[in-house]
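To keep things clear, I will list the structure first and then write my remarks on it.
The values are calculated or read from the model by the stated rules, or taken from the named source; none is laboratory data. Predicted model, so just to flag it, every value in this text is computed and none were measured. All Cβ positions, even for glycine, are placed from backbone atoms using ideal geometry, and neighbour counts span all protein chains on display.
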């Protein structure tokens with residue numbers, strides 16, 4: 001199986017490759033459009049700022065490449081946000097694979113617990129609705145680091161609650177995305193990556 | 001709900017864990033990767049590896065070690081010690097570190113925080129502060145508490161946040177090593193005045209201290225070293241106890 005990790009100007013993408021290696025899967029970090037097009041699985045990771053990253057994707061024509069992919073694609077963290085329709089971070093139109101909009105967390109005054117931004121640490125996921133997950137993953141903890149979130153909508157595949165319920169995962173057709181970092185989420189995250197690798201052909 | 005984090009801290013010298021680790025069941029007790037993996041398996045939420053080597057050779061060993069940690073550990077990890085410029089951080093990021101922790105170098109050159117945050121993102125930058133209570137205020141210290149500076153804890157923490165720190169790791173030098181509990185009053189004040197997560201360090205001696213640091217101290221994470229290394233507290237027991245006390249943990 002060929003797994004492509006899309007290479008672009010986005011922080012520590014090596015950790016996804018290493019997590020796959022621990023599962024016995026060799027992935028290739030690449031920006032080669034032909035390789036990405038014919039890979040069996042594509043992972044679109046990302047840590048960074050939305051508007052500058054979108055500008056980079058457009059400049060390198062990775063935007064049209066990603067939206068045209070037919071094989072299972074997994075966006076991670078900023079990858080999820082860029083697959084949405086719009087992000088408040090830099091007020092930018094994104095890839096539009098998911099109709100959801102990305103907004104900034106605003107701590108609500110008077111909330112019982114102090115709420116910090118970024119949402120950083122381990123939080124539980126629920127209402128799982130995708131073949132990315134299995135029943136054993138309901139209410140399990142995964143690792144998040146983000147200040148922006150995709151609101152819950154039609155494509156929400158997992159819900160997390162922090163300040164407001166938001167999309168911890170999204171799915172539409174062959175496009176999957178997680179706001180959390182499966183590559184840093186211990187055995188639970190490994191299981192989710194494994195489920196992605198083992199998805200049945202659609 | 002967001003879980004409170006338990007973070008074991010490993011001091012590394014020339015690629016080996018120091019502080020006399022006494023896990024009888026691991027073969028090479030000095031190997032930080034093995035010990036880190038064991039903590040991860042036991043439910044640690046994150047790991048901190050601090051390089052306390054001073055030599056150039058030891059430094060290279062540390063970067064190699066970070067590569068091994070990144071390959072084998074599947075939870076987030078922070079590395080610190082000896083980071084004084086962008087290039088140091090870049091090497092550690094390339095080796096696979098999720099976050100870096102800076103302390104004395106940030107006090108001496110505060111704009112390092114801005115540079116690191118701009119280049120690698122706020123989430124990458126942990127600013128560690130060692131402070132000691134003096135008659136007037138909480139004085140920020142450097143060089144492992146040996147040198148007192150004219151900076152004050154609360155204003156320095158606020159400045160670090162505004163410069164782009166993603167988290168504050170506060171160690172009270174008055175509490176560190178005492179095993180009498182964390183500096184809860186100061187931690188609560190930090191937590192309420194800042195909007196980034198606070199990692200509490202210094203003073204953990206028993207499981208009740210962790211309950212206090214999360215309730216009274218309002219900390220987001222509790223860090224400790226010797227109580228885990230000397231097996232005074234096992235992480236699974238600590239988590240079970242916290243859960244029993246109504247604290248959300250993973």
When you go through (1) surrounded by 13 or more Cβ atoms within 10 Å (Cβ to Cβ); (2) within 14 Å of chain B (Cβ to nearest Cβ); (3) under 17 Å from the mean Cα position of the chain (by Cα) one by one for residue A:116, which number turns out not to apply? (3)
Selection within the range B:226-250 - assigned to a loop (DSSP other than H, G, I, E, B) and in contact (Cβ under 8 Å) with a residue 40 or more places away in the chain: B:230, B:231, B:234, B:247, B:248, B:249, B:250
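From the list A:123, A:139, A:161, which one is in a loop (DSSP other than H, G, I, E, B) and either at positive phi or within 14 Å of chain B (Cβ to nearest Cβ) (or both)? Working first, answer last.
Working: A:123 fails: in a loop (DSSP other than H, G, I, E, B); A:161 fails: in a loop (DSSP other than H, G, I, E, B).
Exactly one residue qualifies, and that residue is A:139.
Checking the conditions here, which among A:19, A:50, A:39 is closer than 24 Å to residue B:90 by Cα, touching a strand residue (DSSP E or B) at 6+ places or on another chain (Cβ under 8 Å) and touching a residue at least 24 places away in the same chain (Cβ under 8 Å)? Reasoning before the result, please.
On the way: A:19 fails: touching a strand residue (DSSP E or B) at 6+ places or on another chain (Cβ under 8 Å); A:39 fails: closer than 24 Å to residue B:90 by Cα.
A:50 is the lone residue from the list that is closer than 24 Å to residue B:90 by Cα, touching a strand residue (DSSP E or B) at 6+ places or on another chain (Cβ under 8 Å) and touching a residue at least 24 places away in the same chain (Cβ under 8 Å).
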Report yes if residue A:89 is part of a loop (DSSP other than H, G, I, E, B), in contact (Cβ under 8 Å) with a residue 12 or more places away in the chain and either over 29 Å from residue B:97 (Cβ atoms) or away from chain B (no Cβ under 14 Å) (or both), otherwise no. no
Give the range A:11-59 a look and list any residue that's within 14 Å of chain B (Cβ to nearest Cβ), in a helix (DSSP H, G or I) and either in contact with a helix residue (DSSP H, G or I) (Cβ under 8 Å, 6 or more places away or on another chain) or closer than 28 Å to residue B:72 by Cα (or both), or say none. A:14, A:15, A:16, A:17, A:18, A:19, A:20, A:21, A:22, A:50, A:53
Single condition residue B:97 does not satisfy, out of (1) without any contact (Cβ under 8 Å) to a residue 40 or more places away in the chain; (2) farther than 26 Å from residue B:53 by Cα: (2)
Would you please name the residue that is farthest from residue B:130 (Cα to Cα), looking only at residues in the range B:157-194 that are within 14 Å of chain A (Cβ to nearest Cβ) and not in a helix (DSSP H, G or I)? B:164
Residues of the range B:77-119 that turn out to be touching a helix residue (DSSP H, G or I) at 6+ places or on another chain (Cβ under 9 Å), part of a loop (DSSP other than H, G, I, E, B) and within 25 Å of residue B:33 (Cα to Cα), as a count: 7
Considering only residues that are buried (at least 21 other Cβ atoms within 10 Å of the Cβ), touching a helix residue (DSSP H, G or I) at 6+ places or on another chain (Cβ under 8 Å) and over 25 Å from residue B:120 (Cβ atoms), which ones fall in the range B:154-180? B:172
Since residue A:131 meets every condition but one in (1) surrounded by fewer than 24 Cβ atoms within 10 Å (Cβ to Cβ); (2) within 26 Å of residue B:44 (Cβ to Cβ); (3) in contact with a helix residue (DSSP H, G or I) (Cβ under 8 Å, 6 or more places away or on another chain); (4) away from chain B (no Cβ under 13 Å), which condition does it not meet? (2)
Which numbered condition residue B:197 misses (of (1) within 14 Å of another protein chain (Cβ to nearest Cβ); (2) without any contact (Cβ under 8 Å) to a residue 24 or more places away in the chain): (2)
Give me a count of the residues in the range B:110-125 that are in contact with a strand residue (DSSP E or B) (Cβ under 7 Å, 6 or more places away or on another chain) and within 14 Å of chain A (Cβ to nearest Cβ). 5
Determine which member of the set A:166, A:180 is within 14 Å of another protein chain (Cβ to nearest Cβ), buried (at least 22 other Cβ atoms within 10 Å of the Cβ) and part of a strand (DSSP E or B). A:166
Residue selected from the range B:12-52 under the condition assigned to a loop (DSSP other than H, G, I, E, B) and at pLDDT 80 or above, by the criterion farthest from residue B:92 (Cα to Cα): B:43
From the list B:210, B:120, which residue is modelled with pLDDT under 95 and crowded, with 21+ Cβ neighbours inside 10 Å? B:120
